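Read the structure below first, then the notes.
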Amino acid sequence: MPDATPAPRKFEPRIVAFFCNWCTYLAADLAGTSRLKYAPNTRVIRVMCSGRVDPQFVLEAFARGADGVLIGGCHPGDCHYQVGNYKALRRFRLLRRLLREMGIEEERLRLEWISASEADKVKAVVNDMVEKVRALGPLRLKVPEEVFAEEVAA
Amino acid sequence: MQEPKRNGNGAGGVGVYVCHCGTNIAGIIDVRELAAYAAGLPGVTVAREYKYVCSDPGQEFIKQDIRALGLGRVVVAACSPCLHEKTFRRATEQGGLNPFYFQMVNLREHDSWVHTDREAATEKAKDLVRAAVRRVRLHQPLERRRVPIDPKVLVVGGGIAGIHAALTLANAGKKVYLVEREPTIGGHMAQFDKTFPTLDCAACILTPKMTAVRSHPNITLWTYSEVTKVDGYVGNFKVTVKRKPRYIVEELCLGCLECIEACVYKQAKVPDEFNLGLGKRKPIYLPFPQAVPQVVVIDPETCIEFKSGKCKKTCVEVCGDRLAIDFKQQERIEEVEVGTIILATGFQPFDARRIPYYGYGTYPGVYTALEVERLVNAAGPTGGEVLLRDGHKPRTIGIIHCVGSRDEHTHRYCSRVCCMYSLKLAHLLKEKTDAEVYNFYIDIRAPGKAFEEFYNRVAEEGTHFIRGKVADVYPEPNGTGRLVLQAEDTLLGLVRRIPVDMVVLATGLEARADAQEVRRLFNITCSTEGFFLERHPKLAPVNTFTDGIFLAGCCQGPKDIPDTVAQAGAAAAEALALVDAQFVELEPNTAYVLEEECSGCKTCVPLCPYSAITFVEAKKKAEINEVLCKGCGVCVAACPSGSIRQNLFEDAQIFEEIEGVLAHA
Ligand SMILES: Cc1cc2nc3c(=O)[nH]c(=O)nc-3n(C[C@H](O)[C@H](O)[C@H](O)COP(=O)(O)OP(=O)(O)OC[C@H]3O[C@@H](n4cnc5c(N)ncnc54)[C@H](O)[C@@H]3O)c2cc1C
Ligand code: FES
């Protein structure tokens, strides 16, 4: 392998993005057709609606090495399925609290409303998030043993 | 390679096809390295890269590999799935596999087009391909749902776009509901005198189409009406229409107009909407002589009977036993079922007041182009004589182009028709007043058939053209009553100040004020400028992202009448194609309940916006009605016991994707 990675020189955050099919995914497509340029750190996973994003997806992403998770949905009132994005918002708030307890910084999880025409917002949000997460540094999760030890000690 | 010959059951390995898309992808992503990388991923039988995978030979590779190598799954890494997912699913199917044994990777829109660093872009591509390969291995064979299409069509908006679409469909034998908000159909075109570039009379070409709508046995025309609710999905929409009371029984009104004559108001006193307030009407009125339907309207805001209840009601008297006037008429609600919908709600002119230094609304000598259309019209408020608000005939006229267009403070886009209608108005004004006419333009945009010739013709007629944006409009200091137009003539390189009697503002076209509400109602999207967004700017210009809903005319963006009519025909053809297929295939991305695992907690039931989930008391289990489910997956994400699953978006598949994108080499 030519690109066998030695210890990385510079930290490049890895961000998993869940984009809803009807707004944010299309906005990302539009960013492409408009040839906007943004940081190459996101990996988009398409879901039909931001309301499909199971908190477990987010936890799994962090557990598997994501440094940040971005959820993109339609603006309030614009969800293709009427209210899926409100469900997403509710879960997002709970998740943030949960993450805080787990020692994961708030900035690592982000929910954004990006409509199909807001290609520039995709660019702005991704770039901004990459910068913020870069500043935080790599995510280091406590391994289960550590958590367990803490719980026993408590 | 595992079990090579077992075709069709999806047991074979994965084939990965990386598209160069010319240089669109290959220019940034190292496609050769990517294909080599993909070939080494677990479960991959073959990985190829090709110039255009969507081409016939490209698709042929896929089909042949499925047969020859016994592939069980296909991954294509190319453009957005919105473009070619269908194409490749079909190729997969034609190769002998279930079409849903396929996954697409968006290399172009989400990677090569938005990144500049080759190495980072290639790394990202590898991550995405790896995720797709892992995901596709868990894909299940699925059947598309086939639902019948209701052959009836709803057309919203009765401008030239809606009229043309409705007539096309009705002539093809389809039942059409045409819903128009105003008391008459016709839209903006009905307000014009002549149309560029041929100068044919707008009414002469529009009126026959309007009357054809009225008399067509296949068209139900509801004017003074609005859609208030839309339920359902392609093939089966349920639409609620509110019909505002016009206080006239449409079926009984003969259009004799005697009531208008008989109204206790001897003089018309109310500013007339159709003439943009330049003329007057009575409280009972017909918007314009050729209005369709030929049914009068009563305006309750100004009618004495509505205000005081003490009118002599001379209108009712003269109507006599025709009994068409009904002051007690109530709003009516109609519910109709249709299979497809065409939106043709048009545009609104830019509000010239937003640019205060042009003085519209301040100086009586300043007019909008639409007002001038009415002034030059023989059926207009001045009988076609161009008279200013002070009663004089203008001797010098300045037309300011691009008002509210091509300007970052208002709209950045070009409204496409203003140059041409300004030339038209220059010609008509000159013809009617013999005035000196000055056109202040930025660029003359005359890119249509016979447009440039028209421009030359108008220029030869002696109209003046000054290249420069007008920066100020102010009254001539010595009290002549004239207005001075000040602009820098960029061809001469000096500031010109030209006094005129009349200023015409070529206001641009913008999305209607309620476009956002209408968009929500029909569950479609708007572009940044506020016009309805088409599915693809080139290949699906009349489709929306919501299946079964099409666009026609200026609601999609500024355009002239020929383009509007062409688009309306296209929208009608798209609707016909759906209707005549009789069935539509829906994405099988519905949710389903694993009955054994459902704990009966009912968490999901209230979450569903479509009431597709019911709780079956006898079994103490939730049940999802597949026909009602639209596949958002909200219930799947919420189910505490993980017993609701979603086809095409199974938890396991998404987990594979998550792990896939992160499983860095
Ligand atoms: C001053 C001026 C001059 C022009 N001159 C020319 C010319 O000479 N030649 C030319 O080719 N083009 C000309 N144009 C362009 C022309 O006006 C458009 O191409 C054409 O009118 C577009 O038709 P439409 O049906 O899309 O929209 P519209 O004419 O706007 O019609 C839309 C209709 O939908 C109705 N509607 C809106 N919302 C709803 C709703 N929610 N529910 C129900 N009904 C609704 C409206 O009441 C209206 O009747 C001119 C434009 C302007 C502004
Ligand atoms: S579809 Fe975009 S958030 Fe629901």
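The values are calculated or read from the model by the stated rules, or taken from the named source; none is laboratory data. In this text the structure is predicted, and so the values were computed from the model without any measurement. Here the Cβ positions follow ideal geometry from the backbone for every residue, glycine too, while neighbour counts run over all protein chains shown.
Summary of computed values
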{"read-out": "Unmet criterion (only one of (1) more than 9 Å from chain A (Cβ to nearest Cβ); (2) in contact with a Gly (Cβ under 8 Å, 6 or more places away or on another chain); (3) in a loop (DSSP other than H, G, I, E, B)) for B:PHE615", "value": "(3)"}
{"read-out": "Meets criteria (surrounded by 21 or more Cβ atoms within 10 Å (Cβ to Cβ), within 11 Å of another protein chain (Cβ to nearest Cβ) and on the phi > 0 side of the Ramachandran plot) for B:GLY631", "value": "yes"}
{"read-out": "Which numbered condition B:LYS393 fails, given (1) among the basic types (Lys, Arg); (2) surrounded by fewer than 19 Cβ atoms within 10 Å (Cβ to Cβ); (3) out of contact with any helix residue (DSSP H, G or I) (no Cβ under 6 Å at 6 or more places or on another chain)", "value": "(3)"}
{"read-out": "Unique residue being touching a Pro at 6+ places or on another chain (Cβ under 8 Å), within 14 Å of another protein chain (Cβ to nearest Cβ), closer than 28 Å to B:GLU659 by Cα and among the charged types (D, E, K, R) when the list is B:ASP117, B:ASP30", "value": "B:ASP117"}
{"read-out": "Residue that is nearest to ligand 2 (Cβ to nearest atom) [pool: residues in the stretch B:169-191 that are within 30 Å of B:LYS449 (Cα to Cα) and touching a strand residue (DSSP E or B) at 6+ places or on another chain (Cβ under 9 Å)]", "value": "B:LEU169"}
{"read-out": "Residue list for the stretch B:488-536, restricted to those being touching a residue at least 40 places away in the same chain (Cβ under 8 Å), surrounded by fewer than 21 Cβ atoms within 10 Å (Cβ to Cβ) and within 18 Å of B:GLY398 (Cα to Cα)", "value": "B:ILE498, B:PRO499"}
{"read-out": "Among (1) under 20 Å from B:ILE658 (Cα atoms); (2) more than 8 Å from every other protein chain (Cβ to nearest Cβ), the one test that A:PRO76 misses", "value": "(1)"}
{"read-out": "Every residue from the stretch B:568-597 that is crowded, with 21+ Cβ neighbours inside 10 Å and within 30 Å of B:ASP651 (Cα to Cα)", "value": "B:VAL584, B:THR590, B:ALA591"}
{"read-out": "Residue check, B:LYS209 within 30 Å of B:ALA581 (Cβ to Cβ), more than 13 Å from ligand 1 (Cβ to nearest atom), touching a residue at least 24 places away in the same chain (Cβ under 8 Å) and basic (Lys, Arg)", "value": "no"}
{"read-out": "Number of the exception - A:LEU70 against (1) facing chain B (nearest Cβ under 7 Å); (2) under 15 Å from A:LEU111 (Cβ atoms)", "value": "(1)"}
{"read-out": "Given (1) part of a helix (DSSP H, G or I); (2) of a type outside the set (Asp, Glu); (3) assigned by TED's automatic domain parsing to the domain that holds B:ALA575, index of the condition B:ILE342 fails", "value": "(1)"}
{"read-out": "Residue among B:GLY309, B:GLY391, B:GLY398 that is within 27 Å of B:LYS194 (Cβ to Cβ) and without any contact (Cβ under 8 Å) to a residue 60 or more places away in the chain", "value": "B:GLY391"}
{"read-out": "Residues of the stretch B:277-314 that turn out to be over 18 Å from B:ILE185 (Cβ atoms) and touching a Pro at 6+ places or on another chain (Cβ under 9 Å), as a count", "value": "16"}
{"read-out": "In the stretch B:552-590, the residues that are more than 16 Å from ligand 2 (Cβ to nearest atom) and within 14 Å of chain A (Cβ to nearest Cβ)", "value": "B:GLN556, B:GLY557, B:LEU586, B:PRO588"}
{"read-out": "Test: residue in the stretch B:508-518 that is in a loop (DSSP other than H, G, I, E, B), in contact with a Lys or Arg (Cβ under 7 Å, 6 or more places away or on another chain) and at pLDDT 95 or above", "value": "no"}
{"read-out": "Test set (1) within 9 Å of chain B (Cβ to nearest Cβ); (2) closer than 30 Å to B:GLY232 by Cβ; (3) modelled with pLDDT of 95 or more; (4) surrounded by fewer than 24 Cβ atoms within 10 Å (Cβ to Cβ) - A:LYS37 fails condition number", "value": "(2)"}
{"read-out": "Matching option when the condition is among the small types (Gly, Ala, Ser) and assigned to a loop (DSSP other than H, G, I, E, B), among B:GLY398, B:GLY383", "value": "B:GLY383"}
{"read-out": "Residues within the stretch B:396-431 that are touching a helix residue (DSSP H, G or I) at 6+ places or on another chain (Cβ under 9 Å), away from ligand 1 (no atom under 11 Å from the Cβ) and of a type in the set (D, E, K, R), tallied", "value": "1"}
{"read-out": "Filtered residue count, the stretch B:596-613, keeping only those that are over 12 Å from B:CYS639 (Cβ atoms) and within 36 Å of the chain's Cα centre (by Cα)", "value": "5"}
{"read-out": "Answer residue from the stretch B:94-114, given it is surrounded by 22 or more Cβ atoms within 10 Å (Cβ to Cβ) and farther than 22 Å from B:ASN589 by Cβ and is nearest to the other protein chains (Cβ to nearest Cβ) among those", "value": "B:TRP113"}
{"read-out": "Any hit, the stretch A:8-24, residues being in a helix (DSSP H, G or I) and at the interface with chain B (Cβ under 8 Å from one of its Cβ atoms)", "value": "no"}
